[in-house]
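The values are calculated or read from the model by the stated rules, or taken from the named source; none is laboratory data. What you see is a predicted model; the values in this text were computed from it and never measured. Counting neighbours? That spans all protein chains shown, and the Cβs are built from the backbone with ideal geometry, glycine included. What goes into the accessible areas is simple: the full protein's heavy atoms, side chains included, and nothing from ligands, DNA or RNA. Shrake-Rupley method; radii C 1.70, N 1.55, O 1.52, S 1.80 Å.
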Amino acid sequence: MILTTHAIVGGAIASLMPSHPVVAFVAGFASHFAIDAIPHWDYPLRSIALGTEGRNRVTMSAARLHDVAVVGLDGFAGFFLTLLIFKTENNTAAIVAGAAGGMLPDPLQFLYTLYPREPLLTLQSFHVNIHTKRRLGRIVGIGSQFAFAAATAVIAVVARGY
Ligand SMILES: [Zn+2]
């Protein structure tokens, strides 16, 4: 799933444990793999290959710049929306930790393509194995992912008893 969805799900879980940022981080990290297993759509990247065989080098090209901008915007939107939806006076650390944990496995995939060694090797094969092999079309994929993120946010907000 896209980083924004991972951040919202991580933040939603974190909002249920407002004073436990470390647990929220771990739970967010675990949630990444759980929801990657759901059939979904991911935006295509032009220069970054994230498969098990993918290898990247740290170079700059127009395509790489495009990818960095898209991924950066996605990550920024993830933090921004998650804080907007879930932040209260006393849960900021947990919310940020949950969102960061939720998104982290994807940058770790990139790190793996640069340094294909343990423990990234094991994490990468787990990530690829658990990730759904069913790729939804763009329209259905975007719609269902938006609905999923929104539903998660609503359930978490209701569960917290706003
Ligand atoms: Zn993932």
Condition check: in a loop (DSSP other than H, G, I, E, B) and hydrophobic (A, V, I, L, M, F, W, C). Does I35 satisfy that?
no
Do we find a residue being assigned to a helix (DSSP H, G or I), within 17 Å of I155 (Cα to Cα) and either without any contact (Cβ under 8 Å) to a residue 60 or more places away in the chain or of a type in the set (A, V, I, L, M, F, W, C) (or both) anywhere in segment 41-62?
no
State whether one or more residues within segment 132-142 are of a type in the set (A, V, I, L, M, F, W, C), over 18 Å from S15 (Cβ atoms) and within 16 Å of the ligand (Cβ to nearest atom).
yes
Within segment 28-46, track down each residue that is surrounded by fewer than 22 Cβ atoms within 10 Å (Cβ to Cβ) and over 18 Å from S144 (Cβ atoms).
F29, A30, F33, L45, R46
Looking at (1) farther than 15 Å from Q145 by Cβ; (2) part of a loop (DSSP other than H, G, I, E, B); (3) out of contact with any Asp or Glu (no Cβ under 9 Å at 6 or more places or on another chain), can you tell me which one F25 breaks?
(2)
Just need a number here: residues in segment 94-121 that are open to solvent by 40 Å² or more (accessible area, probe 1.4 Å), more than 15 Å from the ligand (Cβ to nearest atom) and part of a helix (DSSP H, G or I).
3
Where R64 falls short, out of the listed (1) open to solvent by less than 60 Å² (accessible area, probe 1.4 Å); (2) more than 25 Å from A14 (Cβ to Cβ); (3) within 16 Å of the ligand (Cβ to nearest atom):
(3)
Answer with yes or no whether L73 is within 12 Å of the ligand (Cβ to nearest atom) and among the hydrophobic types (A, V, I, L, M, F, W, C).
no
Do you know which of the residues in segment 76-93 that are in a loop (DSSP other than H, G, I, E, B) and loosely packed, with under 14 Cβ neighbours inside 10 Å is nearest to the ligand (Cβ to nearest atom)?
T88
Hits in segment 122-141 - residues which are open to solvent by less than 30 Å² (accessible area, probe 1.4 Å) and in a helix (DSSP H, G or I)
Q124, H127, G141
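Does A147 fit the bill of being modelled with pLDDT under 90 and either open to solvent by 60 Å² or more (accessible area, probe 1.4 Å) or not in a loop (DSSP other than H, G, I, E, B) (or both)?
Here the answer is no, as A147 does not meet what is asked.
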Residue pairs qualifying under the 8 Å Cβ cut-off, at least six apart or on distinct chains, with the first in segment 108-132 being in contact (Cβ under 8 Å) with a residue 60 or more places away in the chain and the second being open to solvent by less than 40 Å² (accessible area, probe 1.4 Å) and among the charged types (D, E, K, R), are H127/D36; I130/D36; H131/D36; T132/D36
